[in-house]
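Each remark here refers to the structure printed beneath this line.
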Amino acid sequence: DMSTLQQLTTKGKNFFPAWSNDGARITYDSDIDDTKYDIWVMDSNGNNKINISSESDSAGEGGWRFPIWSPDDKWIVHGRYMSNGQAGTDVFTMDTNGTNSKWIAHGSFPRYSYDGTKWSGSQNSRQVTLTLFFDWSNGSI
């Protein structure tokens, strides 16, 4: 039944929406502020849109993409296109308000395991795509 669909964003290009596990919020990436993508969070009804990565354009980075919530909804893991001469993306995690950013690995398209103990993503190098698995319990890839 399509009668209950509600458009939540109306400006910019918006991609990779991900529901928080409690269903209260949605994270996504958007170019609404400029030509580089940032990570945004909004309430599940589309209200209270907040750019939690607003410094990305001034930090020498090319854009923040592919956000997803941690299973406990305390972190957002995402990819960042680096514009400082590096190719590809790096994976970072940060608090849901954009603070306490931490580099995790080179790669993109991050996803958590259902139990929250592992993360997976892909890494492109010389036209070869690798799938990475990161174990949160001991920090190994």
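Coordinate-derived values only; no laboratory data. For clarity, every value in this text was computed on a predicted model and none was experimentally measured. We place every Cβ from the backbone using ideal geometry, glycine too, and count neighbours over all the protein chains shown.
Points to keep in mind about this one:
- Partners of K118 within straight-line reach, counting lysines whose Cα lies under 23 Å from its Cα and excluding those fewer than 8 residues away in the same chain: K74, K102.
- Spacing of the modelled spin labels on L5 and T117, each 7 Å from Cα toward Cβ, amounts to 4.0 nm.
- Highest to lowest packing among 112-120, 36-44, scored as the average C-beta count within 10 Å: 36-44, 112-120
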